[in-house]
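Student: I'd like to ask some things about the structure below.
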Amino acid sequence: RRRTWGARRCGTQRAVTYDGLRVAGGLCSAPTWEWEGPGRGRRWNRNRNGGWRATKQKEGRRFRPGQSSARAGRRGLGSERAATTTTTKMRGSKGVYVSCLLLVATATVVHCAANVQFVKVLPEGADGHRETIVIKNSGEDAADLTGWSIVDTSKATGNSYFFGGDDASMRSKAVKWCANYTTIDSDQEFVLKPYERDRFSSLFFPCGFRYKLGDDGQLELRDASGKAVDRVSWAKAEPGTAIYRMGNTFVPFLENQDLRSSIQNSPVLSTFAKALKSTGVSDKYLKEGASIKVNKDSWMDRKLKQSGYEKSYYKGPWTVFAPNDAAWKDFMQEMGWFGMALTEEELLAMPELEEILKYHIIVGQEMSHGSKNSTGLMSMKDGSEVSVFHGPEGELLVHDDCVDSPSPDDYGCTMQAEWNKCSEDWVQDEGLFSGRDLGYCERSCKRCSCNGGQCGTADIYDIPAANGVLHVIDKVLYPAPVFNIPEKHWRTREEIEAELGIVGGV
């Protein structure tokens, strides 16, 4: 049998198996089991109470016209037409081929001001980490979750969690200290843990869910009327494996292992994992316990000393921007010739591949919420900058051609921006002396943007690892130019102001 999904107005759905772990998600209509082989004309539909009923179908009929939608997201969907089902092949983390069913159709345009959905589920905790459910409001407006619930539909008992509080029988009951879980702002996440009332316990969480998720399960997010607005399911989940939303499907990732293991076991990072292994970058940087020598007075030595790190060897943490397999496919097409894409063997033989990979590895642990717009992060490619932005919907964006050409003075771009010098002619020299079309200090002066597709987007972000954090992006970054930063530019703001006799910023 194989699983298909009808999708109403919230879009395309998938059910995918990754090396034995089956995950599916998204919304809206009930999941369907369709038998292949003997008896394929009979379809099994889950009813509202969690049971199954069989309905006989005509041979070859899949869905009624207009029953499904092709495009997910709060911006709505296209014109109404018949749905089709496409079977594609994906390779699991250990080379196992799996079947992925993708529903393609469209429906009436609908604009949603709020779009609350699951973004992560950790069904089985490990290494001291507890089961977790994370929802996010990706819409433009705040959403009132009063009366909303998360229901475990995989159990006959109908386990429920109600936002704002519930009682021991898992029925809605207002609890004063749970009032913070009734309104979710735009771009806000709610992280839910198992219920624990003992305030003296380190696990204290009085507004948590009262049921166990387990290695097999299915959750529905329901609004105040009881209507399902999102759904995620999984089977055979190993302890420590979290299910992350990636577009309109869900992908498993190992959490709190070293970055090398998380990447190698990911079903959507197989090309990246092969490239890291073939160049030796994976073992050199991302293996837990691996250390690299920090050369005195190098860019890395000065960068680490700014954060108080004085040792001669560095073991992490690292931040990795990991291009997914689709991004590498686009890159191989772009790097090909006469319309032909590079083969995998040709990609792995590229002489510049190691430098490209090192550009995706950042010194330090940079979480998505920890960086402001136009923040420059120093990569292991000779300190070449990766610039971070946030999109209008809170998405994490990365720019590979937004770098500071150092200002020709003793103070550097950070201070020039603070002193409001960015609009002066000598700063905006259009490349005459700076060597950059946008002049000196283009990143610090916020002249870069992500308009026009220059940036990659993080499809999944903040995946915790034992030696850093992992962000999955949809673009292969090409190393930005490297500029030699004068020694005096590494001084802190306090040191510069003390030299100039500035007290209290005046």
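The values are calculated or read from the model by the stated rules, or taken from the named source; none is laboratory data. All values reported here derive from a predicted model rather than from experimental measurement. Cβ placement follows ideal geometry from the backbone for every residue including glycine, while neighbour counts extend to all protein chains displayed. These accessible areas exclude ligands, DNA and RNA; they are computed on the full protein's heavy atoms, side chains included. Shrake-Rupley method; radii C 1.70, N 1.55, O 1.52, S 1.80 Å.
Student: Give me a count of the residues in segment 242-261 that are open to solvent by 40 Å² or more (accessible area, probe 1.4 Å), within 22 Å of Lys274 (Cβ to Cβ) and of a type in the set (S, T, N, Q).
Tutor: Within segment 242-261, residues that are open to solvent by 40 Å² or more (accessible area, probe 1.4 Å), within 22 Å of Lys274 (Cβ to Cβ) and of a type in the set (S, T, N, Q) number 1.
Student: Looking at Ile485, is it farther than 23 Å from Gly370 by Cα and either β-branched (Val, Ile, Thr) or at pLDDT 95 or above (or both)?
Tutor: Working: farther than 23 Å from Gly370 by Cα: yes; either β-branched (Val, Ile, Thr) or at pLDDT 95 or above (or both): yes.
Taking the combined requirement at face value, the residue satisfies it.
Student: Say whether the condition of being within 26 Å of Leu470 (Cβ to Cβ) and acidic (Asp, Glu) is met by at least one residue in segment 238-245.
Tutor: If we filter segment 238-245 for residues that are within 26 Å of Leu470 (Cβ to Cβ), which is where we start, we get 238-245.
Imposing the further condition that a residue be acidic (Asp, Glu) reduces the set to 238.
Yes, segment 238-245 contains at least one residue that is within 26 Å of Leu470 (Cβ to Cβ) and acidic (Asp, Glu).
Student: Let me ask you something else. For segment 290-334: of the residues being aromatic (Phe, Trp, Tyr) and in a helix (DSSP H, G or I), which is farthest from Asn484 (Cα to Cα)? Steps first, please.
Tutor: Here is the first cut: in segment 290-334, the residues aromatic (Phe, Trp, Tyr) are 299, 309, 313-314, 318, 321, 328, 331.
Keeping just the survivors that are in a helix (DSSP H, G or I) gives 299, 328, 331.
Details: Trp299: 9, Trp328: 30, Phe331: 29 Å.
The selected residue is Trp328.
Student: Could you list, in sequence order, all residues of segment 335-344 that are under 28 Å from the mean Cα position of the chain (by Cα) and in a loop (DSSP other than H, G, I, E, B)? Step through it out loud before you land on a result.
Tutor: As a first pass, look at segment 335-344 and keep what is under 28 Å from the mean Cα position of the chain (by Cα): 335, 341-344.
If the condition is that a residue be under 28 Å from the mean Cα position of the chain (by Cα) and in a loop (DSSP other than H, G, I, E, B), then Ala341, Leu342, Thr343 are the ones that fit.
Student: Also: Could you please tell me which pairs satisfy a Cβ distance under 6 Å, a separation of 6+ or placement on different chains, a first residue in segment 272-290 that is more than 12 Å from Leu357 (Cβ to Cβ), and a second residue that is outside any loop (DSSP other than H, G, I, E, B)?
Tutor: Final answer for the pair search is Lys287/Arg260.
Student: Let me ask something else about it. Among the residues of segment 367-404, what is the count of those that are part of a loop (DSSP other than H, G, I, E, B), touching a Gly at 6+ places or on another chain (Cβ under 9 Å) and open to solvent by 10 Å² or more (accessible area, probe 1.4 Å)? I'd like the intermediate steps shown before the answer.
Tutor: Pass one, segment 367-404, residues part of a loop (DSSP other than H, G, I, E, B): 367, 371-374, 380-384, 391-395, 400-404.
Next, only the ones that are touching a Gly at 6+ places or on another chain (Cβ under 9 Å) stay: 393, 400, 402-404.
Checking the rest, the ones that are also open to solvent by 10 Å² or more (accessible area, probe 1.4 Å) come to 393, 400, 404.
Here the count works out to 3.
Student: Regarding segment 460-478, can at least one residue be identified that is polar (S, T, N, Q) and surrounded by fewer than 20 Cβ atoms within 10 Å (Cβ to Cβ)? Before you say what the answer is, go through the steps one by one.
Tutor: Narrowing segment 460-478 to residues polar (S, T, N, Q): 467.
With surrounded by fewer than 20 Cβ atoms within 10 Å (Cβ to Cβ) added as a condition, the list becomes none.
Scanning segment 460-478, I find no residue that is polar (S, T, N, Q) and surrounded by fewer than 20 Cβ atoms within 10 Å (Cβ to Cβ), so the answer is no.
Student: Can you tell me which residue among Ala341, Ala275, Ala326 is buried (at least 19 other Cβ atoms within 10 Å of the Cβ) and not β-branched (Val, Ile, Thr)?
Tutor: On the way: Ala341 fails: buried (at least 19 other Cβ atoms within 10 Å of the Cβ); Ala326 fails: buried (at least 19 other Cβ atoms within 10 Å of the Cβ).
Every option except Ala275 fails the conditions.
Student: Return the pair list, or none, for Cβ contacts closer than 7 Å from residues in segment 310-332 that are under 30 Å from Lys293 (Cβ atoms) and among the acidic types (Asp, Glu) to residues that are outside any strand (DSSP E or B) and open to solvent by 10 Å² or more (accessible area, probe 1.4 Å), at least 6 apart or on different chains.
Tutor: none
Student: Another question, then. I'm trying to understand the selection: among the residues of segment 196-227, which are open to solvent by 10 Å² or more (accessible area, probe 1.4 Å), closer than 22 Å to Ser138 by Cα and under 24 Å from the mean Cα position of the chain (by Cα)?
Tutor: Glu220, Arg222
Student: Scan segment 385-413 residue by residue and report those that are over 31 Å from the mean Cα position of the chain (by Cα) and free of Cβ contacts under 8 Å to residues at least 24 places away in the same chain. Steps first, answer last, please.
Tutor: Kept after step one, since they are over 31 Å from the mean Cα position of the chain (by Cα), are these residues of segment 385-413: 406-412.
Answer for segment 385-413, where residues must be over 31 Å from the mean Cα position of the chain (by Cα) and free of Cβ contacts under 8 Å to residues at least 24 places away in the same chain: just Asp409.
Student: With respect to Thr153, is the statement that it is buried (at least 17 other Cβ atoms within 10 Å of the Cβ) and β-branched (Val, Ile, Thr) true? Walk me through how you get there before you give the answer.
Tutor: Details: buried (at least 17 other Cβ atoms within 10 Å of the Cβ): yes; β-branched (Val, Ile, Thr): yes.
Yes, satisfied.
Student: Right, something else. Looking only at segment 212-233, count every residue that is out of contact with any Asp or Glu (no Cβ under 9 Å at 6 or more places or on another chain) and hydroxyl-bearing (Ser, Thr, Tyr) and tell me the total.
Tutor: Number of matching residues: 1.
Student: Note down all Cβ pairs under 8 Å where the first residue falls in segment 479-501 and is under 30 Å from Phe331 (Cβ atoms), the second is assigned to a loop (DSSP other than H, G, I, E, B) and open to solvent by 70 Å² or more (accessible area, probe 1.4 Å), and they're at least six residues apart or on different chains.
Tutor: Close Cβ pairs satisfying both conditions: Ala480/Asp401; Val482/Asp382.
Student: Is it true that some residue in segment 444-452 is among the basic types (Lys, Arg) and more than 30 Å from Glu140 (Cβ to Cβ)?
Tutor: no
Student: Then there's this: Name the single residue, out of those in segment 345-362 being open to solvent by 10 Å² or more (accessible area, probe 1.4 Å) and touching a residue at least 40 places away in the same chain (Cβ under 8 Å), that is nearest to the chain's Cα centre (by Cα). Break it down stepwise before answering.
Tutor: Initial filter on segment 345-362 (open to solvent by 10 Å² or more (accessible area, probe 1.4 Å)): 345-346, 348-352, 354-355, 358.
From what is left, the residues that are touching a residue at least 40 places away in the same chain (Cβ under 8 Å) are 348, 354-355, 358.
Details: Leu348: 26, Glu354: 24, Glu355: 24, Lys358: 20 Å.
Result: Lys358.
Student: Being open to solvent by 40 Å² or more (accessible area, probe 1.4 Å) and of a type outside the set (Val, Ile, Thr) narrows it down to one residue among Ser266, Ser291; which is it? Give the steps one after another, and end with the answer.
Tutor: Numbers: Ser266 fails: open to solvent by 40 Å² or more (accessible area, probe 1.4 Å).
Of the residues listed, the single one that is open to solvent by 40 Å² or more (accessible area, probe 1.4 Å) and of a type outside the set (Val, Ile, Thr) is Ser291.
Student: Restricted to segment 414-454, and to residues that are under 22 Å from Arg491 (Cα atoms), touching a residue at least 40 places away in the same chain (Cβ under 8 Å) and in contact with a Ser or Thr (Cβ under 8 Å, 6 or more places away or on another chain), which residue is most open to solvent (accessible area, probe 1.4 Å)? It would help to see each step written out before you state the result.
Tutor: Applying the first criterion (under 22 Å from Arg491 (Cα atoms)) to segment 414-454 yields 414-422, 427, 434, 440-446.
Checking the rest, the ones that are also touching a residue at least 40 places away in the same chain (Cβ under 8 Å) come to 414-415, 418, 442-444, 446.
Now restrict to residues that are in contact with a Ser or Thr (Cβ under 8 Å, 6 or more places away or on another chain): 414, 442-444, 446.
Details: Thr414: 86, Glu442: 4, Arg443: 33, Ser444: 21, Lys446: 138 Å².
Within segment 414-454, the match that is most open to solvent (accessible area, probe 1.4 Å) is Lys446.
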